[in-house]
Amino acid sequence: MYPVSSFHAGIPPFCRGSFNNDIELQLVKAGFDIFIEKPLSVQPPEEVESYAAELSRAAKERGVIVSVAYMFRYHDAIDKMNEIIRIHGRPLMCINMSYNCSYVNSTRSYTWNIHKSGGPIVEQATHLCDLLRYFGGEVDYPQLTALAVPASDDPSDPGCLTSLSPVLEEDTVPSDSRVPRLTHAQWKFTNGAVGSLTHAVSIHGRKYIAVVEVWADGLRLKLEDLYTPDCKLRIRRGYTDKEEEISFPTADPYYKEDEVFLQAVRTRDSSAILSSYEDAFKTYQLTWAIRRSSTGK
């Protein structure tokens, strides 16, 4: 039997990510490498900031490998978009992302309580928030504004969902803890580009909708279905009206991020890891800024 040298911290976020629930910090201080699921926590970022700093300090002191599960940074399509942007050579003007969750088959009840999951922006749209930062850089927070459609039991209200699974028992969740049905946020990045995010919990069926769109002078990139093998990148550039289309049927960002982590564990070289705990905390700050601006909570 091989000795255990690394752990995957995949327990729900209300069980970790703070000095009161510090399983990651304990593992790091004990010298174990660790792969950490998103989101980092459910606690306010002001409370998580000192925890993140202590975990990062301990990891450096012990020479521990730490990676956070933002798998889209490892997606072949995202690599291709970055390559096209680099070759195009013009700064980005705008980055728009949208995510619509198919809620009918949702069975994880804790995700429908913002105090257990952090809410849909902190827990789910965090992947797109991370990509927004990956493409756009840091956010100019004084210019961030957001709106939300809150949960409602009134059928005439846009926040009333008609097909919630009874397994979720949302009627037992206090009204001020229920997740918003839609959130829209917009801001400017510190480099002057505009960013926006729309997240909704509104479609039926099984397939989620996820779209990444990037605009620059002479360039538009639109990536659709990045969660599935049907992922397609549509490109319009130069002086033509025609779109190019690239498919990524073999892309597997989940496998790739695991492979990169395990290779780092074997070689003790973390240079290929694309999401450190320090950087993931910046994404956590963005998700909370959107949550607070849109809900006041």
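Odds and ends about this structure:
- Residue in the stretch 70-78 that is surrounded by fewer than 18 Cβ atoms within 10 Å (Cβ to Cβ) and under 24 Å from S117 (Cβ atoms) present: no
- Note on the stretch 155-183: residues that are charged (D, E, K, R) and open to solvent by less than 70 Å² (accessible area, probe 1.4 Å) total 4.
- Conditions (1) in contact (Cβ under 8 Å) with a residue 60 or more places away in the chain; (2) open to solvent by less than 30 Å² (accessible area, probe 1.4 Å); (3) not in a helix (DSSP H, G or I): number failed by S152: (1)
- Matching residues, the stretch 102-134, being open to solvent by 40 Å² or more (accessible area, probe 1.4 Å) and of a type in the set (K, R): R108, K116
- Exactly one residue out of F14, F35 is open to solvent by 30 Å² or more (accessible area, probe 1.4 Å) and among the aromatic types (F, W, Y), and it is F14.
- Sole exception among (1) within 30 Å of C160 (Cβ to Cβ); (2) open to solvent by 60 Å² or more (accessible area, probe 1.4 Å); (3) not polar (S, T, N, Q) for Y99, by number: (2)
- Within the stretch 102-126, the residues that satisfy the criterion of being within 19 Å of D225 (Cα to Cα) and in contact with a Phe, Trp or Tyr (Cβ under 6 Å, 6 or more places away or on another chain) are S102, A125.
- Qualifying residue in the stretch 240-256 (condition: among the acidic types (D, E) and under 23 Å from C101 (Cα atoms)): yes
- Scanning the stretch 180-206 for residues that are touching a residue at least 40 places away in the same chain (Cβ under 8 Å), part of a strand (DSSP E or B) and not small (G, A, S) gives T183, H184, Q186, W187, K188, F189, V194, L197, T198, H199, V201, I203.
- Cβ-Cβ contacts under 7 Å between residues 6 or more apart (or on different chains), taken from a first residue in the stretch 110-133 that is on the phi > 0 side of the Ramachandran plot to a second residue that is open to solvent by 10 Å² or more (accessible area, probe 1.4 Å) and not in a helix (DSSP H, G or I), are listed as G118/V42.
- One residue stands out in the stretch 251-290 among those that are touching a residue at least 12 places away in the same chain (Cβ under 8 Å) and outside any helix (DSSP H, G or I): the one that is least open to solvent (accessible area, probe 1.4 Å), namely S275.
- Index of the failed condition, I209 passing every other in (1) open to solvent by less than 70 Å² (accessible area, probe 1.4 Å); (2) in contact (Cβ under 8 Å) with a residue 24 or more places away in the chain: (1)
- Test: residue in the stretch 135-142 that is open to solvent by 70 Å² or more (accessible area, probe 1.4 Å), free of Cβ contacts under 8 Å to residues at least 40 places away in the same chain and out of contact with any Leu (no Cβ under 7 Å at 6 or more places or on another chain): yes
The values are calculated or read from the model by the stated rules, or taken from the named source; none is laboratory data. No experiment lies behind these values; they were computed from the predicted model shown. Reconstructed Cβ throughout: ideal geometry from the backbone, glycine too, with neighbour counts over all protein chains shown. These area figures cover heavy atoms from the full protein model, side chains too; ligands, DNA and RNA do not enter into them. Shrake-Rupley method; radii C 1.70, N 1.55, O 1.52, S 1.80 Å.
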